[in-house]
Amino acid sequence: MGKHVLKDVTLTVNGVDISTFANEVTIEDTADEVDVTGFTTAGYREFAQGLKDATITATIFQDYSGTASPHAVLRPLYESGGTFTVKVNPNQGGTSVASMVARLYSYSGIGGAVGDANQFEVVFRHAGTAGVTWGTA
């Protein structure tokens, strides 16, 4: 069984590849645990899957220059409040791609202390009904 090491992830936001600015990405697709325990159980609780939520979180090195810089890509998406597509490919050129229709609810365009890299976390939250879909490129 092979193990996968993240080295060449592609992160595309609204059609713009911002991979060179990212150094961490996490995809999370979760569901609420709803207690449906009735009186007929044998002493164990029963749970059902409730409402779902999906996020893609990335850690980004900030840049303010150019149309493909994180600031130029992310700030307008936050300001508009509209939806856009986020895609994560764990291997550049590979065929396994996670995608999601998303919306930004916050934007921190600067982060760090004196001497630190200007780095911030961005959370893309699903804005559709499908959550994260896995497919092919």
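The values are calculated or read from the model by the stated rules, or taken from the named source; none is laboratory data. Remember, predicted model here, so these are calculated numbers, not experimental data. Glycine also receives a Cβ, built like all others from the backbone with ideal geometry; neighbour counts cover every protein chain displayed.
Remarks
- Considering the range 3-43, and only residues there that are assigned to a loop (DSSP other than H, G, I, E, B) and among the hydroxyl-bearing types (Ser, Thr, Tyr), the residue that is nearest to MET100 (Cα to Cα) turns out to be THR37.
- Note on the range 69-112: residues that are touching an Asp or Glu at 6+ places or on another chain (Cβ under 9 Å), over 14 Å from GLY135 (Cα atoms) and either modelled with pLDDT under 95 or of a type in the set (Val, Ile, Thr) (or both) total 3.
- Selection over the range 117-132 of residues that are under 18 Å from the mean Cα position of the chain (by Cα), loosely packed, with under 15 Cβ neighbours inside 10 Å and modelled with pLDDT of 90 or more gives a count of 1.
- Selection of the range 95-116 for residues being surrounded by fewer than 11 Cβ atoms within 10 Å (Cβ to Cβ) and among the small types (Gly, Ala, Ser) yields SER106, ALA113, GLY115.
- Scanning the range 97-137 for residues that are touching a Phe, Trp or Tyr at 6+ places or on another chain (Cβ under 6 Å) and either over 19 Å from ALA22 (Cβ atoms) or aromatic (Phe, Trp, Tyr) (or both) yields one hit, TYR107.
- Qualifying residue in the range 35-52 (condition: surrounded by fewer than 15 Cβ atoms within 10 Å (Cβ to Cβ), in contact with a strand residue (DSSP E or B) (Cβ under 6 Å, 6 or more places away or on another chain) and in contact (Cβ under 8 Å) with a residue 40 or more places away in the chain): yes
- Of all residues in the range 79-137 being among the hydroxyl-bearing types (Ser, Thr, Tyr) and assigned to a strand (DSSP E or B), the one that is farthest from GLU24 (Cα to Cα): THR136
- Tally, over the range 53-82, of residues that are of a type in the set (S, T, N, Q), loosely packed, with under 15 Cβ neighbours inside 10 Å and more than 13 Å from the chain's Cα centre (by Cα): 3
- For the range 2-43, a residue qualifies if it is at pLDDT below 95 and at positive phi, and exactly one does: GLY43.
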